[in-house]
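The values are calculated or read from the model by the stated rules, or taken from the named source; none is laboratory data. Treat the numbers as computed from the prediction; the structure is a model and nothing was measured. Here the Cβ positions follow ideal geometry from the backbone for every residue, glycine too, while neighbour counts run over all protein chains shown. We work out accessible area using only protein heavy atoms, side chains counted, and drop any ligands, DNA or RNA first. Shrake-Rupley method; radii C 1.70, N 1.55, O 1.52, S 1.80 Å.
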Amino acid sequence: MAQAYERFRPGYPAELADAVLGYAGRPVVTALEIGAGTGKATRVFAGRGVAVTATEPDGAMLAELRRQVPADVRTVRAAFEELPPGERYGLVYAAAALHWTRPAGRWSRMAALLDAGGVFASFGGPVRLADPAVEEAVRAARAPFLATDEVPSPDGTPPEEAMQWPGTELSRSPWFSDVQQSLIERRLTMSADDWIGHLSTVSAYLVLPPAERKRAFEEILRVLPATVEVDADLTVHLARRNDRSAP
């Protein structure tokens, strides 16, 4: 599965680092990544000269990350809740991983990991077929196995709301201020087989019994053209540690 994540999940563009580091408004020397996976976001920030500590609870993911990132990236096998207190960073970020953290105490713990005035960033978003006709054909092929393969908003925010999660929580948190939400638009082209490979990393399919998952992929592949265009927009949330309230 770690190798599938590395091969089929889209990476992150340079514009992401521009947005995060520009928001910081000062040099970011150190960063902590939560749930780094195979290190796709790690590489973006390490490539800008940031000393990244990449944390990941899954051993196979962390092993793949270590094969992919620069040697000077520090790696730690730990979930967010297991990180020891005391060390602080100029930036703490999560790349499509924040929803795996526990809600209780999330923001006070996050603030405790940041330097004074430090920045928190979360970014990610669904990867969807761009052609409505192809999407409808896939929906029909998937229906006997799954009603939807999308992850619902962790706090129930409707998709039509202007501010999405985790910006909703950050805006209410006494630990953070200057909450901003922005969008980086991306459209990618991939083969039908690679789209199935991407779906093989999506949790909705991973929880299916293996035989059902195999049949679902066969039915979806049957209705796909040879290549597909996908929308892979990134929603970026940024916030600054509120030093009047932070620990």
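A few notes on this one:
- Count of residues meeting criterion [touching a helix residue (DSSP H, G or I) at 6+ places or on another chain (Cβ under 8 Å), among the hydroxyl-bearing types (S, T, Y) and under 26 Å from M110 (Cα atoms)] in the range 130-175: 2
- Qualifying residue in the range 37-47 (condition: over 15 Å from the mean Cα position of the chain (by Cα) and either open to solvent by less than 60 Å² (accessible area, probe 1.4 Å) or in contact (Cβ under 8 Å) with a residue 12 or more places away in the chain (or both)): yes
Listed here are the residues, each with its yes/no results for (1) among the polar types (S, T, N, Q); (2) within 26 Å of A17 (Cα to Cα).
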residue: R186; (1), (2): no, yes
residue: I196; (1), (2): no, no
residue: K214; (1), (2): no, no
residue: L224; (1), (2): no, no
residue: V228; (1), (2): no, no
residue: D231; (1), (2): no, yes
residue: L238; (1), (2): no, yes
residue: N242; (1), (2): yes, yes
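- Among the residues of the range 182-195, the one identified as among the basic types (K, R) and open to solvent by 50 Å² or more (accessible area, probe 1.4 Å) is R187.
- Test result for D18, at pLDDT 95 or above, closer than 18 Å to A232 by Cβ, open to solvent by 60 Å² or more (accessible area, probe 1.4 Å) and out of contact with any Gly (no Cβ under 9 Å at 6 or more places or on another chain): yes
- Filtered by the rule that a residue be among the β-branched types (V, I, T) and under 23 Å from E33 (Cα atoms), the range 122-157 gives V127, V151.
- Condition check for P103 on (1) over 24 Å from T168 (Cβ atoms); (2) open to solvent by 40 Å² or more (accessible area, probe 1.4 Å); (3) touching a helix residue (DSSP H, G or I) at 6+ places or on another chain (Cβ under 9 Å): one failure, at (1).
- Filtered residue count, the range 225-241, keeping only those that are open to solvent by 20 Å² or more (accessible area, probe 1.4 Å) and in a loop (DSSP other than H, G, I, E, B): 3
- Criterion violated by A31 - all others in (1) of a type outside the set (F, W, Y); (2) in contact with a Gly (Cβ under 7 Å, 6 or more places away or on another chain); (3) open to solvent by less than 20 Å² (accessible area, probe 1.4 Å); (4) over 20 Å from M110 (Cβ atoms) satisfied: (4)
- Against the numbered list (1) free of Cβ contacts under 8 Å to residues at least 24 places away in the same chain; (2) buried (at least 20 other Cβ atoms within 10 Å of the Cβ), V76 comes up short only at (2).
- Some residue of the range 53-61 being among the polar types (S, T, N, Q) and within 23 Å of D178 (Cβ to Cβ): no
- Any hit, the range 149-170, residues being surrounded by 17 or more Cβ atoms within 10 Å (Cβ to Cβ), touching an Asp or Glu at 6+ places or on another chain (Cβ under 7 Å) and more than 28 Å from N242 (Cβ to Cβ): no
- Failed item in (1) under 20 Å from the mean Cα position of the chain (by Cα); (2) open to solvent by 10 Å² or more (accessible area, probe 1.4 Å), with Y93 passing the rest: (2)
- V179 open to solvent by less than 60 Å² (accessible area, probe 1.4 Å) and either closer than 20 Å to K214 by Cα or touching a residue at least 24 places away in the same chain (Cβ under 8 Å) (or both): yes
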